[in-house]
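The values are calculated or read from the model by the stated rules, or taken from the named source; none is laboratory data. Computed from a prediction, not measured in an experiment: that's the story for all the values here. Don't worry about glycine lacking a Cβ; one is built from the backbone with ideal geometry, like all the others, and counts go over all protein chains shown.
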């Protein structure tokens with residue numbers, strides 16, 4: 001199944017519906033609805049998307065990075081927060097939003113694990129962003145990254161306990177909706193490969209949802225090669241977000257950046273949901289990305 005992301009962000013419902021029209025004009029009849037932030041009116045969203053005959057393949061609940069990095073308040077990306085109360089409330093917010101949007105009948109709910117609770121998190125993430133944009137050699141970039149991301153393993157383990165607890169309850173309340181987890185988009189993200197393995201081993205009913213640009217960003221900062229995520233978690237794979245990475249910037253149109261999508265195509269099983277991630281109100285980027293993914297055998 002192929003789909004395209006439609007994002008509800010600061011542009012509100014008007015911007016969301018523009019993206020719906022662009023997607024439908026581009027030949028898509030399935031969509032991945034990405035909600036950024038939990039200040040939403042689900043009733044208006046449901047009515048508007050039903051009116052435009054939108055069928056959902058998946059629902060993604062996330063937060064803009066600046067909000068996700070603020071760890072002292074609950075949100076869609078805080079189910080693995082250090083503070084158990086914030087983690088629990090975040091899981092409740094996820095469940096409330098998913099239930100409110102259930103009339104749109106998404107098959108999967110896609111979540112990220114948020115960030116490790118380290119001191120000066122925002123400053124450290126900014127330093128990583130600068131490393132992605134610099135022209136240093138891979139070895140120098142990796143050494144610089146190691147100095148930024150030093151973490152307390154005991155703290156990470158506690159955050160994973162909170163994450164698993166929240167997801168266990170959410171999965172039970174939202175069944176048969178399939179919960180899926182994304183790889184981190186930063187070395188400071190909670191769900192690195194070992195952490196992902198820990199969570200999926202603990203939660204047998206939670207799936208894996210790959211992100212090509214997240215995996216590429218991590219690889220550029222010393223993480224594993226992109227294909228290792230699919231080799232390791234392929235048996236739990238439910239879907240993939242298809243976006244390129246250019247310099248230090250993810251979620252670029254496929255075919256314009258550094259990712260070799262031809263190598264990805266054989267890794268995807270027939271039932272994998274394939275979602276083009278693109279922010280396009282006019283259709284030019286969508287046409288380019290769709291045609292490219294068709295040429296490499298993914299669409």
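Given the criteria over 22 Å from residue 56 (Cα atoms), out of contact with any helix residue (DSSP H, G or I) (no Cβ under 9 Å at 6 or more places or on another chain) and in contact (Cβ under 8 Å) with a residue 12 or more places away in the chain, does residue 233 qualify?
no
In the set (1) assigned to a loop (DSSP other than H, G, I, E, B); (2) touching a helix residue (DSSP H, G or I) at 6+ places or on another chain (Cβ under 6 Å), the condition left unmet by residue 170 is number (1).
In the condition set (1) buried (at least 21 other Cβ atoms within 10 Å of the Cβ); (2) farther than 24 Å from residue 21 by Cβ; (3) without any contact (Cβ under 8 Å) to a residue 60 or more places away in the chain, residue 49 is compliant with all but (2). In the range 176-199, what count of residues is obtained for those that are without any contact (Cβ under 8 Å) to a residue 24 or more places away in the chain and under 14 Å from residue 223 (Cα atoms)? Matching residues across the range 176-199 total 1. Taking residue 89, is it surrounded by 16 or more Cβ atoms within 10 Å (Cβ to Cβ), without any contact (Cβ under 8 Å) to a residue 40 or more places away in the chain and part of a helix (DSSP H, G or I)? Yes: the conditions hold for residue 89. Is there a residue in the range 98-108 that is under 21 Å from residue 215 (Cβ atoms) and not in a helix (DSSP H, G or I)? Yes, the range 98-108 contains at least one residue that is under 21 Å from residue 215 (Cβ atoms) and not in a helix (DSSP H, G or I). Going through (1) in contact (Cβ under 8 Å) with a residue 60 or more places away in the chain; (2) farther than 17 Å from residue 283 by Cα; (3) in a loop (DSSP other than H, G, I, E, B) one by one, residue 27 falls short only on (2). Take the conditions at pLDDT below 95, more than 14 Å from residue 182 (Cα to Cα) and either under 16 Å from the mean Cα position of the chain (by Cα) or surrounded by fewer than 19 Cβ atoms within 10 Å (Cβ to Cβ) (or both) and apply them to residue 258. Does it pass? Here the answer is yes, as residue 258 does meet what is asked.
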